2 protein chains.
Amino acid sequence: MINPDPRPRIGLMLGDPTGIGPEVALKLLDRPETHQQAKILVVGDRRIFNQAAQELGISLHPKLVSMEEPFEWPQPGSHEVAMIDLANIDPSNVTRGKLDPQIGWRVGETLKAMTDMALNHQIDAVCFAPLNKAAINRGGWQYLDEHAMFADWNAHQGYYGEVNIIPMFCTFRVTSHVSLRKAVEMVTPERIKGAVTLAHQVMQDLGFPTARIGVAALNPHGGESGLFGDEEITIIRPTLEKMKDSGLFTEGPYPSDTVFLKAKAGQLDAVVIMYHDQGQIATKLLGFSEGVTLTGALHTIYTTPSHGTAYDIVGQKKANPGAMAKAFEVAVKLASRRGNAAPTAQAH
Amino acid sequence: MINPDPRPRIGLMLGDPTGIGPEVALKLLDRPETHQQAKILVVGDRRIFNQAAQELGISLHPKLVSMEEPFEWPQPGSHEVAMIDLANIDPSNVTRGKLDPQIGWRVGETLKAMTDMALNHQIDAVCFAPLNKAAINRGGWQYLDEHAMFADWNAHQGYYGEVNIIPMFCTFRVTSHVSLRKAVEMVTPERIKGAVTLAHQVMQDLGFPTARIGVAALNPHGGESGLFGDEEITIIRPTLEKMKDSGLFTEGPYPSDTVFLKAKAGQLDAVVIMYHDQGQIATKLLGFSEGVTLTGALHTIYTTPSHGTAYDIVGQKKANPGAMAKAFEVAVKLASRRGNAAPTAQAH
């Protein structure tokens, strides 16, 4: 059966309510174009939703639905938003601006419920407002990071990785949340292939089929012909050459202090980085606060703004929903592409 | 005997004549304030000097001098510049815009002669226009980099390091031109002490006795309490604590993706970096082309613009002498401070 409504179904999560999550999520929902781009299913606690809407003067109301019963999606222009009420966070228990492991546990629980919906083909992507990573961890979800948590829930095998999307370019990580010593050991052909393949897929899904993808070197000056390390010669370059032969073209490896100058100058659309800080030093200086974080290579699509819970401005109604809107747009794009590729996943 | 003229004596070298070195050096010499700040001794080939002056329409002439004979320094406003003519580079053998190992050898030879003058207390600092590192290396000066060459010529033992001075802040390196794998091993208390001590000395000499000096962490998120590496806990933090006890205060270790945001925001004047690319990714994005490179912790002061020979614009008279002028000013400041500390070195 062909679904006559081509909008993908995006699961929206309000983030950690100790921070600005509910505020930027409601501001996103208040934009008319949001509902033209997707059918939105908010998952969380309706009291948190209503509190944020009231404080911000936004006249949106949850239309409570259940996955057990078919329902009509609200149309664009409606004052209703489809919502699954988990009734798991009481606003009177929330102290804003303060890390709370109990809330962290509930945030993880909400994301777990949404992951199950995605794996059951009930939603096409998970988009979440800022969470507090430490609260989730201390609350009991003890993973290295949320990406590892998502990978586990997806029963994922093999490479996956955090993708950072800033206005200027995207980064894809060969290694991430490990010591620098271990990162050097983990620069393997398998992980490089994983990151480069992911870069090609994501850039295509984001609408850049001819994206220029640069690969960063590991060593200073790209190893200076082996003088300062040989991983470029023995591992990175041969792996990239093999991938080119199979159609996955990249440029580089470029020394890490020039690859971001190229990206900044518009000569690269994506950079495959070898270790966490290589990319993060550059993206934080060039627009991370406007950026989007995607968990790449999993069955479920997860996007979120790169900025955090912003405890310094929580409750002041001045949080900028720009990055939240971009995270939503990335979820819509990726879900639409995937829907086209696998239409059964889109039927409701 | 007290020298009545307080200006330090700066040895100026014209750089690699295949690049923009002679152009930016002559443009520096053409500024009246240059001669108010220092007594300048150009060392090189007078034919290269005259060629550049003529092409640029600059009416300066070398006053040939010798270290064997006392001489009068030209006064500010004079059309003469004191010069030692090594007669070692014939302009008719120079092909502009092309790496030439033979020229590289001569460039090294010139710097060696200037180092000897500095070690003999005949000049107070060496300031050189851009050279071609690969040309020097292939020409026969086979060192890891020019800093290692200078250290060898100074018979230096122990820590020394490249210092990068950009308009926003300065960086001091715990490790530099080695593989990332080796850099991790070289993050030792001794090298951290060397870099932090150098940072304090140089910032004071540059006129910032109350400079805020931040130290970068080695691992992502600063190791996340040991989850992603423990060098912050076992090596970096204890070393910094000990140094604070002896009066050398620093901040950090800060994660490498926040330390440069602090520096960019004016909250730090200097950053001690653990490995080459950690600093270079940031400084190249934030103003490296206007920057100055100093070889730190050697007996001889060496400064140079951070930019290269700019083969793409050589001979077009449009090279910007801004960074050259800043390199000169750093040499003047450091030589003046050192001169005050050890007046015998300044007597002529």
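Out of all the residues in the range B:153-161, is one or more in contact with a helix residue (DSSP H, G or I) (Cβ under 6 Å, 6 or more places away or on another chain), surrounded by 24 or more Cβ atoms within 10 Å (Cβ to Cβ) and assigned to a loop (DSSP other than H, G, I, E, B)? The answer is no, given that none of the residues of the range B:153-161 is in contact with a helix residue (DSSP H, G or I) (Cβ under 6 Å, 6 or more places away or on another chain), surrounded by 24 or more Cβ atoms within 10 Å (Cβ to Cβ) and assigned to a loop (DSSP other than H, G, I, E, B).
Within the range B:162-181, being part of a strand (DSSP E or B), within 14 Å of chain A (Cβ to nearest Cβ) and open to solvent by less than 10 Å² (accessible area, probe 1.4 Å) holds for B:N164, B:T171, B:R173. Listed by first and then second residue, the pairs linking a residue in the range A:207-218 that is within 14 Å of chain B (Cβ to nearest Cβ) to a residue that is open to solvent by less than 20 Å² (accessible area, probe 1.4 Å) and polar (S, T, N, Q), with Cβ atoms under 7 Å apart and 6 or more places separating them unless they lie on different chains, are A:G214/A:T250; A:A216/A:S256; A:A216/A:Q278; A:A217/A:S256.
A Cβ distance below 8 Å, combined with a sequence gap of six or more or placement on separate chains, defines the contacts here; from the range A:140-152, residues that are closer than 9 Å to A:T295 by Cβ reach residues that are in a helix (DSSP H, G or I) and among the aliphatic types (A, V, I, L, M) in the pairs A:E146/A:L111; A:E146/A:I136; A:F150/A:L111. With respect to the conditions (1) open to solvent by less than 60 Å² (accessible area, probe 1.4 Å); (2) modelled with pLDDT under 95; (3) within 14 Å of chain A (Cβ to nearest Cβ), B:Q280 falls short on a single one, namely (2). Considering only residues in the range A:104-130 that are open to solvent by less than 20 Å² (accessible area, probe 1.4 Å) and part of a loop (DSSP other than H, G, I, E, B), the one that is farthest from A:L28 (Cα to Cα) turns out to be A:I123. A single member of A:A195, A:A211, A:A199 is among the small types (G, A, S), assigned to a loop (DSSP other than H, G, I, E, B), open to solvent by less than 50 Å² (accessible area, probe 1.4 Å) and under 27 Å from A:R338 (Cβ atoms), and it is A:A211.
For the criterion of being surrounded by fewer than 24 Cβ atoms within 10 Å (Cβ to Cβ) and part of a helix (DSSP H, G or I), A:A134 passes. The residue of the range B:226-261 that is farthest from A:F260 (Cα to Cα), among those that are among the charged types (D, E, K, R) and away from chain A (no Cβ under 11 Å), is B:D245.
Selection of strands (runs of 3 or more DSSP E) fully inside the range A:255-338 by the criterion of at least 1 residues being among the hydroxyl-bearing types (S, T, Y) returns A:292-296, A:302-305.
Among the residues making up the range A:292-318, a single one is surrounded by 21 or more Cβ atoms within 10 Å (Cβ to Cβ) and over 20 Å from A:I136 (Cβ atoms): A:A297. Evaluation of B:G223 against the conditions (1) over 26 Å from A:K133 (Cα atoms); (2) facing chain A (nearest Cβ under 8 Å) shows that the sole unmet condition is (1). Among the residues of the range B:36-49, those that are farther than 15 Å from B:N88 by Cα and either touching a helix residue (DSSP H, G or I) at 6+ places or on another chain (Cβ under 8 Å) or not in a helix (DSSP H, G or I) (or both) comprise B:Q37, B:A38, B:K39, B:I40, B:L41. From B:E69, B:E55, which residue is open to solvent by 40 Å² or more (accessible area, probe 1.4 Å) and closer than 20 Å to B:D116 by Cβ? Exactly one of B:E69, B:E55 is open to solvent by 40 Å² or more (accessible area, probe 1.4 Å) and closer than 20 Å to B:D116 by Cβ, namely B:E69.
The values are calculated or read from the model by the stated rules, or taken from the named source; none is laboratory data. Given the structure is predicted, the values throughout are model-derived calculations rather than measurements. Note that each Cβ is placed from the backbone with ideal geometry, even for glycine, and that neighbours are counted across all protein chains shown. All accessible areas refer to the heavy atoms of the entire protein, side chains included, with ligands and DNA or RNA removed. Shrake-Rupley method; radii C 1.70, N 1.55, O 1.52, S 1.80 Å.
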